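J.: Once you've had a glance at the structure underneath, I'll fire off some questions.
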Amino acid sequence: MIVKSFLLKPRSLEQIVANCDKDTIAIVRPGKTIEGLFREAVRKTIEEKKSAQEEFKQIEEYFQSVSTNPDYQEMVSSTLDAVGGYLREGMWVQTAPHAIEDYVMAKCARLCAEAVNVLAGGKLIDGTELMLCHTQLHFDWTGSQQQILQRCTAEGPLVIPGGYGRLASGYVVRVGKDGAHLMASLIGATLKASSIEFYVEGKGIEGIPAMTYDEAAHFCSSPNAPFSSSALWPAKNAGIPILVKDIQNQEFEGTLISTGSGHQTAILQEDKLDLITVYGTGLLGRVGMSGSIFSAMAAASINVRFIAQTSSEYSISFAVRSSDKDAALEAIKSLFKENPLLPLDDVVILNREVGIVTVFGSRMRNVPGVSGTVFGKLGAKGINIIASAQGGEELSISLVVDAADLNLAAELLNE
């Protein structure tokens with residue numbers, strides 16, 4: 001049995017169905033276009049208290065372009081009628097907007113899965129009944145595995161809407177950042193699949209033929225990666241290989257992610273970041289200072305992309321996306337103002353526009369001089385390294401440079 005994760009678009013339906021045989025469990029997720037239309041319908045109805053008739057018209061036209069099958073079109077019509085009624089009721093109730101959106105987006109994912117299921121002649125299983133969650137980011141792994149073992153028993157193909165689970169209260173909730181791939185990985189690991197396949201747009205992971213799980217985890221930390229690194233660990237834990245394939249390019253055999261010795265050393269770069277540095281004697285000896293700062297970031301829903309702290313406890317530097325900069329600075333200032341034990345007048349808060357270039361790969365492990373080579377290469381061309389961090393597993397080195405130097409730094413290291 002093989003577990004496969006697909007992104008549905010009108011032009012990809014035939015290829016998806018062709019990849020669904022009796023030994024397949026297919027996880028199907030919606031593309032960005034149809035997701036955007038559904039989210040706009042929710043926003044317009046719930047936030048603006050206006051009719052989303054135009055959005056529903058576009059949604060219906062989109063699904064007509066996916067499949068003209070009469071049974072499917074009847075299913076689309078009845079589902080959209082139900083969603084429209086749900087949103088009209090939601091205009092006047094106290095349900096949180098994100099809960100309404102998650103419920104509606106799960107319907108979107110189901111319509112995408114139904115398009116595949118109708119043509120593949122399989123059995124559709126509701127993904128929200130498989131993925132049990134304590135919160136959006138906290139899964140009930142044991143309960144989810146039990147549901148998978150109980151429900152995924154019929155002869156395939158089995159088709160499952162991807163990306164959404166259910167809380168104990170019954171509310172539908174989006175599963176993390178990349179729920180469809182994570183669901184495929186968890187189902188494959190639970191059922192001991194022979195392999196797991198992620199179908200993406202593009203030649204696997206940058207056209208690379210093979211890499212280890214650890215190498216893939218570093219690569220997939222990039223915002224531009226084809227899927228989130230969180231999807232890797234169930235498969236890694238079960239020792240099941242993941243093949244990342246291009247749904248449109250059948251000639252490319254894919255990127256194989258598996259155990260074994262290192263395959264790659266690669267360079268990643270990330271732009272549109274701000275490095276925030278908090279320093280001063282007011283930090284010295286303050287137990288829990290780092291925890292307080294990063295708890296403030298978490299409370300503001302800010303993702304921290306990089307962290308560096310000196311052993312002197314005099315400074316802490318961390319990078320956030322530029323769009324989060326103002327909120328991050330405000331959260332730090334509020335933290336110091338609200339705590340009389342933290343002397344704000346002695347602490348300096350700096351920020352600057354930066355980029356991060358990361359060298360990673362299993363072949364770096366236990367090789368003396370890698371850091372020196374990297375630093376020397378950039379220094380020889382006059383590129384100033386503002387901050388750096390290296391993982392203790394010796395798989396990666398991340399360097400913070402001025403935003404203007406990012407592309408040159410990446411080019412030099414790629415040489």
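J.: Within 10 Å of each candidate Cβ there may be at most 10 other Cβ atoms; applying that plus a DSSP loop requirement, which GluC sites (Glu not before Pro) in region 1-62 survive?
T.: Those that pass, being in a loop and sparsely packed, are Glu48.
J.: Still on this structure: Out of Ala99, Leu149, Val17, whose Cα points farthest toward the positive end of the dipole of the chain (charges: +1 Lys, Arg; -1 Asp, Glu; placed on Cβ)?
T.: Leu149
J.: For a quick check: with amide H placed at 1.01 Å from N, whose amide H comes under 5 Å from Ser67's, ignoring anything fewer than 5 positions away on the same chain?
T.: Residues meeting the amide H criterion: none.
J.: Here is a further query. Using alpha carbon centroids, what distance separates region 107-125 and region 1-28, in Å?
T.: If we compute the Cα centre of each part, the gap is 10 Å.
J.: Hey, what's region 119-191 come to in accessible area per residue, 1.4 Å probe, Å²?
T.: The answer is 41 Å² per residue.
J.: Count neighbours as other Cβ atoms within 10 Å of each site's Cβ, and list the trypsin sites (Lys or Arg not before Pro) in region 328-407 that are DSSP loop with at most 16 such neighbours.
T.: Listed in order of number, the matching sites are Arg365, Lys381.
J.: Relative contact order for the chain using alpha-carbon pairs under 8 Å, separation at least 6, rounded to a whole percent?
T.: Contact order relative to length: 13 percent.
J.: While we're looking at this one, here's another question. Per DSSP H run of at least 4 residues, take -39500 (n - 2.57); add these up for the chain, divide by its residues and hand me the 222 nm value, nearest 500 deg cm²/dmol.
T.: For the chain, the value works out to -12000 deg cm²/dmol.
J.: Give me the percent of accessible area attributable to carbon and sulfur for region 1-155, probe 1.4 angstrom.
T.: About 48 percent, which is the carbon plus sulfur part of the accessible surface.
J.: Taking amide H atoms as placed 1.01 Å from N in the peptide plane, list the residues 5 or more away in sequence, or in a different chain, whose amide H sits under 5 Å from that of Leu124.
T.: The answer is Val159.
J.: Let me ask something additional. Once phi is turned into ³J(HN,Hα) by the Karplus curve 6.51 cos²θ - 1.76 cosθ + 1.60 with θ = phi - 60°, what whole-Hz value does each residue of region 368-385 show in order, with x for glycine and proline?
T.: Once θ is set to phi - 60°, the couplings for region 368-385 become x, x, 5, 4, x, 5, 5, 5, x, 4, 6, x, 5, 9, x, 8, 7, 8 Hz.
J.: Modelled label-to-label distance, His138 and Asp81, 7 Å Cα→beta-carbon offset: nm?
T.: Those two pseudo-labels are separated by 4.1 nm.
J.: Let me ask something else. Give, rounded to the nearest 20 debye, the magnitude of the charge dipole that region 1-52 has about its Cα centre when Lys and Arg contribute +1 at Cβ and Asp and Glu contribute -1 at Cβ.
T.: Its charge dipole is roughly 240 debye.
J.: Right, here's the next one. Write out the GluC sites (Glu not before Pro) in region 78-186 meeting two conditions: DSSP loop, and at most 16 other Cβ atoms within 10 Å of their Cβ.
T.: Sparse-neighbourhood loop GluC sites (Glu not before Pro): Glu155.
J.: Taking the Cα centre of region 58-206 as origin, work out the dipole magnitude from +1 charges on Lys and Arg Cβ and -1 charges on Asp and Glu Cβ, in debye rounded to 20.
T.: 420
J.: Which pairs, out of Lys44/Lys177; Lys44/Lys107; Lys272/Lys325; Lys177/Lys333, put more than 21 Å between their alpha-carbon atoms?
T.: Lys44/Lys177; Lys177/Lys333
J.: With everything on Cα atoms, drop me the angle between helix 179-190 and the longest principal axis of the chain, reported from 0 to 90° to the nearest 10.
T.: Orientation of helix 179-190: about 80 degrees from the principal axis.
J.: If contacts are Cα pairs under 8 angstrom and at least 6 residues apart, what is the relative contact order of region 1-158 in percent?
T.: 29
J.: A further question on this structure: Based on the Cβ-Cβ distance from Glu40 to Val287, what FRET efficiency comes out when R0 is 56 Å, to the nearest 0.05?
T.: Calculated transfer efficiency: 0.75.
J.: Along the charge dipole of the chain, which of Ala193, Asn384, Tyr86 sits closest to the positive end, that is, farthest toward it, with unit charges on the beta carbon of Lys, Arg, Asp and Glu (+1, +1, -1, -1)?
T.: Most positive-ward Cα: Ala193.
J.: May I ask which residue of Ser396, Phe139, Ala210 lies farthest towards the positive end of the charge dipole of the chain, with charges of +1 (Lys, Arg) and -1 (Asp, Glu) on Cβ and the Cα centre as origin?
T.: Looking along the dipole axis, the top candidate is Phe139.
J.: Determine the percent antiparallel among the DSSP beta bridges restricted to region 159-310, to the nearest 5.
T.: 45
J.: Would you mind calculating the relative contact order of region 95-191 from Cα pairs under 8 angstrom and at least 6 residues apart, reporting the percent as a whole number?
T.: Relative contact order, region 95-191: 33 percent.
J.: Nothing charged except the Cβ atoms of Lys and Arg (+1) and of Asp and Glu (-1): what's the magnitude of the dipole of region 54-104 about its Cα centre? Round to the nearest 20 debye.
T.: Around 100 debye, computed over region 54-104.
J.: Given a 1.4 angstrom probe, I'd like the percentage of the accessible area of region 345-406 that is carbon and sulfur, rounded to a whole number.
T.: Exposed carbon and sulfur together represent 47 percent of the surface.
J.: Taking a probe of 1.4 Å, how large is the accessible area per residue of region 204-286, in Å²?
T.: 43
J.: Something else about it: For region 75-83, what does the Karplus curve 6.51 cos²θ - 1.76 cosθ + 1.60, with θ = phi - 60°, yield as ³J(HN,Hα) per residue in whole Hz, taken in order and with x for Gly and Pro?
T.: Karplus-based 3J(HN,Hα) across region 75-83 equals 5, 4, 4, 5, 5, 5, 4, 5, 5 Hz.
J.: Still on this structure: Per-residue HN-Hα couplings for region 169-174, Karplus 6.51 cos²θ - 1.76 cosθ + 1.60 at θ = phi - 60°, whole Hz, x for Gly and Pro?
T.: So the J values, rounded to whole Hz, are 6, x, 5, 7, 9, 5.
J.: On to the next question. Counting only heavy atoms of the protein chains, get the accessible area per residue of region 365-415 (1.4 Å probe) and round it to a whole Å² value.
T.: Here the residues of region 365-415 average 53 Å² of exposed surface.
J.: Amide H to amide H, which residues 5 or more places from Ile383 or on other chains are under 5 Å from it, using H placed in the peptide plane?
T.: It is none; the list stays empty.
The values are calculated or read from the model by the stated rules, or taken from the named source; none is laboratory data. Please read all numbers here as calculations on a predicted model, not as lab measurements. Positions of Cβ are backbone-derived with ideal geometry, glycine not excepted, and every protein chain shown enters the neighbour counts. With ligands, DNA and RNA removed, areas are computed over all heavy atoms of the protein, side chains included. Shrake-Rupley method; radii C 1.70, N 1.55, O 1.52, S 1.80 Å.
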